[in-house]
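The block underneath contains the structure these notes are about, expressed in structure tokens.
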Amino acid sequence: MWNAPCVLATGLVWELDRHHKNILPPGYDRAMLSFFTSPAVQSAQRGLRLAAHRTGAVWLGMFALGLGLGVLVTSNGLPWWLAPILSGGVYAGSVEFLLVGMMVASAPLSAIALTTLLVNARHVFYGLSFPLQQVRGRWRKFYSMYALTDEAYVLIANLPAQAQTSRQMLWIQAGLHLSWMSGSVLGALAGAAWLRDVAGLDFVLTALFIVLAIDAYRTRPDKTIALAALGAGGAAAVLAGDAMLLVALAAFVVFCLGRHAVVQRAAAAQGGRHGA
């Protein structure tokens, strides 16, 4: 009795295979084979596999973080379909979590706009060194700018220069985006019942940034930069209050620019002495 569904499915597959020439248009098999074996598709598949190998662990982290967003949406009495709208349309990291609370509290649109501007102002600093020039095509550049998140910046900035290709950068960003969206949908649909009391979901974002920071230091072990980042963050946490993130980023950028100017001046002076 338990084999009846299997027998039925086998018979259906056999019938479809026997009559597929009458169902599908002529040359369908040949066209599909030609499509999947074309150089462009094979190149895209290689790019996807390479991006998954390099950043798959972070994709999983984004999926877990999306679960937390989905649970937050439905646990606050909002409809489940709001989760993919926030994660796919807004796609600004921590802002989505803030928007849920502000929507529940019926915050005015002006307050929402100002909060979003202040929280996402850090992306201005990312644009200073993000290799957007490597992305080919106007619409691809537009998506790359739209999908520039904290995780995407760290992952792409730490790639070797020869690996910062248009296709690889877009695969990394698309993987992060889709992981975030799919996690939020699953969290909204099932999380309210099963994941609401799971401890640690609210720490996923912090843990993810700690891992990314450690990985960035291992890629480029610069103690001066690491100490400067820690110093800027600590000082801003003590002195700047709610504006800690913006103040810390601004101080760190000023330090990096000043250090670069000093290094360039020293190199020029050393070159002048050698020339003399």
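Scan the stretch 112-133 residue by residue and report those that are free of Cβ contacts under 8 Å to residues at least 24 places away in the same chain and assigned to a helix (DSSP H, G or I).
Residues of the stretch 112-133 that are free of Cβ contacts under 8 Å to residues at least 24 places away in the same chain, as a first pass: 112-115, 117, 124, 127, 132-133.
If the condition is that a residue be free of Cβ contacts under 8 Å to residues at least 24 places away in the same chain and assigned to a helix (DSSP H, G or I), then Ile112, Ala113, Leu114, Thr115, Leu117, Val124, Leu132, Gln133 are the ones that fit.
List pairs: first residue in the stretch 82-111 and more than 24 Å from Ser179 (Cα to Cα), second residue assigned to a helix (DSSP H, G or I) and not aliphatic (A, V, I, L, M) anywhere in the structure, Cβ distance under 8 angstrom, at least six positions apart or on different chains.
Met102/Thr115
For the stretch 249-258, does any single residue satisfy the condition of being at pLDDT below 80 and surrounded by fewer than 10 Cβ atoms within 10 Å (Cβ to Cβ)?
There is no residue in the stretch 249-258 that is at pLDDT below 80 and surrounded by fewer than 10 Cβ atoms within 10 Å (Cβ to Cβ).
Are there any pairs, at least 6 apart or on different chains, whose C-beta atoms fall under 7 Å, with the first in the stretch 173-199 and more than 18 Å from Met145 (Cα to Cα) and the second part of a loop (DSSP other than H, G, I, E, B) and modelled with pLDDT under 85, and if so, which?
Here the result reads Gly187/Leu195, each pair linking the stretch 173-199 to a residue that is part of a loop (DSSP other than H, G, I, E, B) and modelled with pLDDT under 85.
If we keep just the residues of the stretch 155-194 that are in a helix (DSSP H, G or I) and of a type in the set (S, T, N, Q), which is surrounded by the most Cβ atoms within 10 Å (Cβ to Cβ)?
Of all residues in the stretch 155-194, those in a helix (DSSP H, G or I) come to 155-157, 161-163, 166-194.
Retained after the next criterion (residues that are of a type in the set (S, T, N, Q)): 162, 166, 168, 173, 179, 182, 184.
On the way: Gln162: 6, Ser166: 17, Gln168: 19, Gln173: 25, Ser179: 23, Ser182: 19, Ser184: 31.
In this case the residue turns out to be Ser184.
The values are calculated or read from the model by the stated rules, or taken from the named source; none is laboratory data. The structure displayed is predicted, hence computed values, not measured ones. Heads up, the Cβs are rebuilt from the backbone with ideal geometry, glycines too, and the neighbour counts pull from every protein chain shown.
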